[in-house]
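Presented below is the structure to which this report refers.
The values are calculated or read from the model by the stated rules, or taken from the named source; none is laboratory data. Quick caveat: nothing in here was measured; it's all calculated off a predicted structure. Virtual Cβ from ideal backbone geometry, glycine too; neighbours counted across all protein chains shown. Side chains are part of the model used for accessible areas, which takes the heavy atoms of the whole protein and leaves out ligands, DNA and RNA. Shrake-Rupley method; radii C 1.70, N 1.55, O 1.52, S 1.80 Å.
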Amino acid sequence: MQRPLCAILAAFVVATAPAQAQERNPQSSGSAALSTSNAGTAIVRLLQSSHDLGQQLPVSMRLNMLRRQALMVYKLRADLGREWANELFTLSFQAKEGHRAVAQQSAMSVLIRLDPDRALELLRSISMEEPEANWSTTPPKLGIAQQVFQVLAERDGELVLPVLEQEAENMGKEGHYPYSAMGFAASRASNKYWGNNNQQAIQLLQSVFEPAFARYRQNTRGYFDDFQFAGMLEVLSGGLPFDSLQPALRLLVKNLLATDARKYQFVAEAYTTDGKSTKADNVIDATILVFGMLINRDPELVRELESSRPELKTVLEYTKEDRLSSLVGPGRPEDIRSEDRATETRMDAIDLPRRNPEAAIAKAEQMPDDERAGTMLEVARGMAGDHPEQAAVLVAETQSKNPPTDDEMQFSSISAQASVAAAENKKDELHELLRRGFAYANSILFEQQRSDDIHFFPGLGLMIQIGIQFDSDLTTAFMESLPASHLQAEAFLMAASALNMGRRLPFSSRQQ
């Protein structure tokens with residue numbers, strides 16, 4: 001929805017005179033939210049403003065925002081959390097397959113916490129969609145089932161297992177049995193017995209594993225079923241004697257070795273505690289890498305694998321329990337492969353400031369001429385929490401070498417200075433920077449609205465988050481002056497997120 005140009009012009013006044021803006025609109029939800037001493041109430045009101053604006057947005061945008069709104073609000077207002085999660089679940093059926101799965105996962109994660117019985121009921125209405133061969137190792141419904149099953153098993157113990165087994169059997173008839181979900185449910189249900197009745201815990205795990213293994217042996221299966229069954233073995237291996245799992249593990253590996261590597265193209269990487277790494281660049285090796293710790297418990301199987309596939313020797317060596325540090329994947333090759341060189345360099349520069357500011361600056365220096373100054377200011381914003389003096393020098397040097405030539409660069413520079421002032425708690429200076437910055441932001445947005453292309457620009461999100469914590473009246477007035485758009489809804493959501501963190505921005509390592 002577009003506002004008249006006169007309303008946009010008024011925004012310049014609003015940003016520099018918040019008191020007058022509040023006089024003109026004393027019932028403003030954002031101002032009311034931030035005038036209260038109750039931070040939770042303020043966050044809810046900001047989220048409500050964002051939610052109301054979201055009703056006007058296209059489904060894809062609305063889903064993305066509603067997902068984040070529901071995940072934030074349920075801890076503060078259970079009734080709103082339940083309402084928005086149900087709304088998100090209903091809306092998800094209007095989305096395309098990938099977006100639908102993400103939205104349903106988020107909706108269910110809220111309902112699982114607030115009303116797990118309702119979550120189980122909704123699980124039955126989710127269709128068993130086959131994921132694209134190179135998109136995910138798990139059908140979306142099975143991932144959601146794992147969450148639901150775990151929570152119900154934690155609440156009701158082994159009494160709920162027959163119900164879950166029936167649900168699992170129904171899913172199996174749809175196309176895929178949720179082996180991993182049942183494994184996690186059995187593990188959760190057995191927790192109360194460990195330490196006082198270990199034999200009962202083992203019997204409970206066996207009661208779930210044995211029929212699942214029989215089903216896996218007898219039924220037609222594919223790669224997704226193999227991955228699910230591997231997940232079950234991994235979780236149950238913490239409680240069942242390994243020799244009872246060994247036949248299942250060997251059958252699993254045999255099936256994995258027969259996977260069509262042309263159809264499924266997943267990759268994975270492993271990092272060791274001594275700083276080494278290895279990469280598996282096909283689906284078979286990637287899956288064996290992911291479950292390498294489990295496979296390493298069978299030395300004879302390891303020797304067979306290393307003999308038949310010598311390339312697995314390093315993979316299996318690095319996934320020993322005392323060596324493995326972390327895993328990445330399995331995922332699509334394009335998810336792990338780097339972007340173009342300039343994008344990779346920029347992302348490295350933005351990621352490094354708090355840990356190694358000198359390396360971040362060196363990376364920013366490598367950027368093309370037309371992107372170097374903007375990246376330097378991104379680095380300055382990132383290092384301000386831990387190194388405010390160094391960040392201030394970097395901002396000054398960047399301005400000297402590359403004087404701002406337009407409003408966006410001027411705003412980016414001011415937002416970097418605001419990060420420094422916030423880190424040093426210089427409230428008067430920060431107030432002036434926020435006032436100037438929001439005035440430039442309004443000028444930029446005025447031009448964007450003329451071209452009907454309203455969007456965020458570098459530094460705006462952080463400026464709003466810092467502003468809501470240090471100068472809520474000024475920041476609220478700015479947000480309320482924005483055009484009713486995705487940007488305004490996102491601004492309210494960012495402000496709520498900043499307050500919800502409970503820590504001042506910019507972050508420093510000392511705050512972690």
Practice task
Just give me the residues in region 36-56 being surrounded by fewer than 17 Cβ atoms within 10 Å (Cβ to Cβ) and touching a residue at least 24 places away in the same chain (Cβ under 8 Å), in sequence order.
Solution key: Ala39, Gly40, Gln56
Handout entry: Count of region 101-149 residues which are open to solvent by 30 Å² or more (accessible area, probe 1.4 Å) and part of a helix (DSSP H, G or I)
Key = 10
Exercise for the section: Can you confirm whether region 274-282 contains a residue that is surrounded by 15 or more Cβ atoms within 10 Å (Cβ to Cβ), more than 27 Å from Pro178 (Cα to Cα), under 27 Å from the mean Cα position of the chain (by Cα) and in contact (Cβ under 8 Å) with a residue 12 or more places away in the chain? Expected result: yes
Exercise for the section: Go over the candidates Ala258, Ala185, Ala189 one by one and state the one that is out of contact with any Lys or Arg (no Cβ under 9 Å at 6 or more places or on another chain), of a type in the set (A, V, I, L, M) and open to solvent by 70 Å² or more (accessible area, probe 1.4 Å). Expected result: Ala258
Handout entry: helices (runs of 4 or more DSSP H) wholly inside region 234-313 that include at least 2 residues being of a type in the set (S, T, N, Q)
Key = 242-257, 299-308
Practice task
Among the residues of region 447-471, write down those that are open to solvent by 30 Å² or more (accessible area, probe 1.4 Å), under 17 Å from Ala489 (Cα atoms) and assigned to a helix (DSSP H, G or I).
Solution key: Leu462, Gln465
Handout entry: Flag for Arg372 being under 15 Å from Ile350 (Cβ atoms), open to solvent by 10 Å² or more (accessible area, probe 1.4 Å), of a type in the set (Lys, Arg) and in contact (Cβ under 8 Å) with a residue 60 or more places away in the chain
Key = no
Completion exercise
Restricted to region 192-235 and to residues being within 34 Å of the chain's Cα centre (by Cα) and among the β-branched types (Val, Ile, Thr), the residue most open to solvent (accessible area, probe 1.4 Å) is Val235
Practice task
Pick out, from region 367-436, the helices (runs of 4 or more DSSP H) lying fully within it that include 1 or more residues that are in contact with a Gly (Cβ under 6 Å, 6 or more places away or on another chain), aliphatic (A, V, I, L, M) and within 22 Å of Leu352 (Cβ to Cβ).
Solution key: 407-423
